[in-house]
Amino acid sequence: ALSGATGNGILVGFLVTFQNEPTGIFWPIRSGRTQLGRAGSDKVDIGINDASSSSRHATVTADPSTGQAFVQDDGSRNGTFLNEQKLPPGEQRQLHDNDRLRLGSTTLVVKLLVS
């Protein structure tokens, strides 16, 4: 379930995982900040069911005026990888349609509505 400030933002895109989920799980990326982390953690907008992800793993920031989205690693234990390149913690990188974002051992595919 979605909660918090991201619940009413403008939809910018989706994160999708097909890992252990043949039909896929889709999470909306909305304007503003979306916190990614381990499922069941406090204040997480997108909960990843993966023990190797950190409770506050990464943040996606989306700008609805441009349709652009950015990701940054929040000092996670096992790292955040964008297209298999490890991100330096705290450094924002732009996301593009069909990028692959890996948190721990879970890979998410980025789908942006504006590309």
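The values are calculated or read from the model by the stated rules, or taken from the named source; none is laboratory data. It should be emphasised that the depicted structure is a prediction, and the values quoted were computed from it without experimental measurement. Every residue, glycine as well, gets a Cβ built from its backbone with ideal geometry; the counts of neighbours run over all protein chains shown. Just the protein is used for accessible areas: all its heavy atoms, side chains included, with ligands, DNA and RNA removed. Shrake-Rupley method; radii C 1.70, N 1.55, O 1.52, S 1.80 Å.
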If amide H atoms are modeled at 1.01 Å from N in the peptide plane, then the residues at a separation of 5 or more from S53, or on another chain, having amide H under 5 Å from its own are S105
Would you kindly state how much longer the chain becomes between Q94 and T107 on full extension, computed as 0.36 nm times their sequence separation minus their alpha carbon distance, in nm to one decimal? 3.0 nm
Using amide H atoms built 1.01 Å from N in the peptide plane, name the residues 5+ places from G13, or on other chains, whose amide H lies under 5 Å from its own. I29, L113
Whole-percent carbon and sulfur share, accessible surface of the chain, 1.4 Å: 49
Give me the dipole magnitude in Debye, nearest 20, for the chain about the Cα centre, with unit charges on the beta carbon: positive for Lys and Arg, negative for Asp and Glu. 100
Check which residues have an amide H placed less than 5 Å from L108's amide H, if you skip close sequence neighbours. L101, R102, L103
Answer with a single label: of (1) 16.5, 62; (2) 14.6, 47; (3) 12.6, 35, which was calculated as Rg and Dmax of the Cα atoms in Å from the structure in view? (3)
With every protein chain kept in place and a 1.4 Å probe, the chain has an accessible area per residue in Å² of 52
What does the net charge come to around V44 if you take all other residues with beta carbon closer than 14 Å to its beta carbon, with K and R at +1 and D and E at -1? 0
Note down the net charge around R93, summing +1 for each Lys or Arg and -1 for each Asp or Glu among other residues with Cβ under 10 Å from its Cβ. -3
